[in-house]
Structure formats: C-alpha cells, structure tokens
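Notes to accompany the following structure.
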Amino acid sequence: MENRYKDLSKLQEELGYRFNSIALLEQALTHRSFSAENPNEKDNERLEFLGDAVLELIISHILYKRFPVLSEGELTKMRAGLVNELSLAGLSNEICLGSYIRLGKGEEKSGGRQKASILADTMEAILGAIYLDGGFESVFEVITGLFLKKIEQENFEQKPLKDYKSMLQEFTQANSHMLPTYKVIEAVGPDHDKHFTVGLWLNGTLLAKGVGRSKKEAEQQAAQKALELLLKRQEKDGVKNE
C-alpha cells in the first residue's frame, strides 16, 4: 500500500495537482474490469462522463480566448483535433498513466494498459475527479498545463485557418475605406534559416508586427494581430456608445 501511495504521488506531480481525496483519484484509475472482480471498488465510468464534459468546456474556453477571430466551425475543428481518443491517449503516455490504472486480470493480460480507449477514458475520469476534488479553477489549470503545450506544438497559430490578410482588407474597407500596407522591417539569419519581421500600417500608423520564416507567414501574423486589435477597439467603442 505504501508503494502505491508513492506511485500516486508521482502521478500527481505529473498532473500538477495534489488531491485532497486520494480515494477519488483511486476511483478515477479503476477500470470496470477491476471493479467487476472487486465489487467493493467503484469504477471510473461516472467520473469519465463528468470529465468529458469539463474537458470540452475548458478547451472550448481556451480556444475561444486564444483565437478571437476564428469562426465557430474553425474552433470546432480545432477542438476536435485536440480532444479525441488518440490525443488523450498520447497525453496519457507522456505521464505514464497506464502504469497506474487498476485493471482486471483479463484486461491486464490483453494489454489493457496500452489500449488507447482505456487511456483516454481514464484521463477524462481523472479530470472529472480533479473537478470534484478541487473545483473548476483547479481542473482549468491542469487542462491548460496538459494541452497548451500541445496547441503550441501543433503550431495552430502558425497555420492560419483563414487568410487573415484578406479578412483584414475586408474589415478595413468596410470600416475606414482604407487598405493596409506591409513592409519588411528586418530579415535576419542565413538563407536556409531566415526570419522576417514585417510591419503593417494603416493610414500611416504602425498597427502590428509579424515574424515568420517567409514574408507571407510574417504578413499573415501581422494581419491577424492587427485584426484582433481593430476588433477589440470596435467592441470597446460599441460598449461606450451603448
């Protein structure tokens, strides 16, 4: 039992959260095959149900805040790329979650610790348990810690799902009858690894800068930043005028 609690301590360190109720964590790690062989042990399926809902809400919140100009459809696609069985199983493997799961003898023999479905379900159950144990803010921090790195690794921000230059041009034409202009401010590095800094001006005012491995990439980043800025200004002006 002492070794088990030491192992669970390591898992909590990996998660970045320490449970008030170890029993709740144990339940989150209990597969139904283990519960079937040990009737006094509750399985994790109800926690999985809760964790699935919490995860979807928090990932939606993070994406909504991080990408303010993307449409509902684009945010939905992005969320689906993050919250799915393979993604959750991958995160589970990063923290060696499989080694902590309590499985029945049959599931153990059939390689249950490596099954993507079991790993993903257990991860969701743990998130549900954290929500119950520590509340919304605690599980928000854990999910952010787990997924923010994945979002950055996938380079979502460097792969515009929309043509931000076109979006910005449409916006400025409709609201100010002016067009943005772009200019390379700096190009550094050798030819095989050059980085460009591009400035974006509107009516003679520098609105934003973008950096990329190509002029087009830098321009897209600058356009995204400028569009976000103009949308925020428009929103503030709308609030003032109400």
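The values are calculated or read from the model by the stated rules, or taken from the named source; none is laboratory data. In this text the structure is predicted, and so the values were computed from the model without any measurement. Glycine gets a Cβ as well: all are built from the backbone with ideal geometry, and neighbour counts include every protein chain shown.
Look through the range 100-118, keep the residues that are farther than 22 Å from PRO39 by Cα and part of a helix (DSSP H, G or I), and return whichever of them is farthest from the chain's Cα centre (by Cα). Result: GLN114.
Starting from residues that are in a helix (DSSP H, G or I) and modelled with pLDDT under 90, keep the ones in the range 195-219 and report whichever is farthest from TYR182 (Cα to Cα). The extreme case among them is GLU217. Contact map, the range 7-35: residues that are β-branched (Val, Ile, Thr) paired with residues that are surrounded by 14 or more Cβ atoms within 10 Å (Cβ to Cβ) and not in a loop (DSSP other than H, G, I, E, B), Cβ distance under 6 Å, separation 6+ or inter-chain. Pairs shown: THR30/ARG102. Restricting PHE49, PHE34 to residues that are buried (at least 19 other Cβ atoms within 10 Å of the Cβ) and assigned to a helix (DSSP H, G or I) narrows the list to PHE34.
Taking the stated definitions as given, is VAL54 of a type in the set (Val, Ile, Thr), touching a Leu at 6+ places or on another chain (Cβ under 6 Å) and part of a helix (DSSP H, G or I)? In short, yes.
Across the range 19-31, what is the total count of residues that are loosely packed, with under 14 Cβ neighbours inside 10 Å and not in a helix (DSSP H, G or I)?
The qualifying residues number 2.
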